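Worksheet: the structure to be examined is printed underneath.
Bear in mind that the values in this text are calculations on the coordinates, not laboratory data. Given the structure is predicted, the values throughout are model-derived calculations rather than measurements. Cβ placement follows ideal geometry from the backbone for every residue including glycine, while neighbour counts extend to all protein chains displayed.
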Amino acid sequence: KTQVEQSPQSLVVRQGENCVLQCNYSVTPDNHLRWFKQDTGKGLVSLTVLVHENDKTSNGRYSATLDKDAKHSTLHITATLLDDTATYICVVGALASSSFSKLVFGQGTSLSVVP
Amino acid sequence: NAGVIQTPRHKVTGKGQEATLWCEPISGHSAVFWYRQTIVQGLEFLTYFRNQAPIDDSGMPKERFSAQMPNQSHSTLKIQSTQPQDSAVYLCASSLAGRAETLYFGSGTRLTVL
């Protein structure tokens, strides 16, 4: 069973539109959840880290929420730009780096922003 | 700060050849991780060093794969007798020990085994 499930698998939006990406998980421990952006052929760039129950974070046009009871997170991107075209990956696991090997990665949502 | 540096960016090998991938972590980061990324499997953990010592290699295939960290400024992942199924993007990441929010990834090495 997939432990970190992201939806949709792919998404196309027009520049300037808002979009919402979903992450559902069954991983324990779930001390932290992180969203990464991966441009084609590049590494993962951290967008936001969520730690506490009902955490909400904001990083410019990116904002995220975490509901630990529901084991669910959303990533909101407002006023999308062409440069937002990328794969967005949700990662769940323990906070301590000693447990980084247990981090579970979602398969990602492929976002395409078109003119 | 140049971030995590991985070389080469692309490597093409013939089946049965050896491939060595290099990673230079961010200066001051004591934890180094190797991951493998494929379309089918997504991101898979391979191995983890802390203060140059191997801590967890539970994700490493038991044969042909080995990783080392001879000093704090670089780590290598070596694949002997490469096979087509080894084709993937190999990502290196580093972090400050104990700080999840400081995990940074390199751009990866795309390995293609013909």
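Data for the structure
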read-out: Number of partner chain Cβ atoms within 10 Å, mean per residue of A:49-56; value: 1
read-out: Estimated distance in nm for a label pair at B:GLN52 and B:HIS74, the labels positioned 7 Å out from Cα along Cα-to-Cβ; value: 1.4
read-out: Label-point separation, B:LEU96 to A:THR78 (7 Å along Cα→Cβ), nm; value: 3.0
read-out: Largest to smallest principal axis extent of the C-alpha atoms in segment B:1-70, angstrom; value: 37, 26, 25
read-out: Normalised contact order of chain A, rounded percent, pairs of Cα under 8 Å and 6 or more residues apart; value: 36
read-out: Pairwise FRET efficiency - A:LYS56 versus B:THR112, Cβ, R0 = 45 Å, nearest 0.05; value: 0.60
read-out: Segments B:26-37, A:38-49, A:11-22, A:75-86 sorted - mean Cβ within 10 Å per residue, highest first; value: B:26-37, A:38-49, A:75-86, A:11-22
read-out: Built amide H within the under 5 Å cut-off of B:SER87, gap 5+; value: B:VAL113
read-out: Charged-residue dipole, Cβ positions (Lys, Arg, Asp, Glu), chain A about Cα centre, Debye nearest 20; value: 180
read-out: Given charges at Cβ of Lys, Arg, Asp, Glu: segment B:1-60 dipole, positive-most of B:PRO25, B:SER58, B:ILE5; value: B:ILE5
read-out: Order of B:ILE39, B:ILE55 - criterion: other Cβ atoms within 10 Å of each residue's Cβ, fewest first; value: B:ILE39, B:ILE55
read-out: Projected label distance in nm at B:LYS62 and A:VAL13, using a 7 Å step from Cα toward the beta-carbon; value: 4.7
read-out: Residue mean of other protein chain beta carbons inside 10 Å, A:24-36; value: 1
read-out: B:LEU46 long-range amide H proximity, modeled H, under 5 Å; value: B:TRP34, B:TYR35, B:ARG36
read-out: Shielding by other protein chains, B:39-45, mean Cβ within 10 Å; value: 5
read-out: Hull shadow area, averaged, the protein assembly as shown [alpha-carbon convex hull, nm²]; value: 12.4
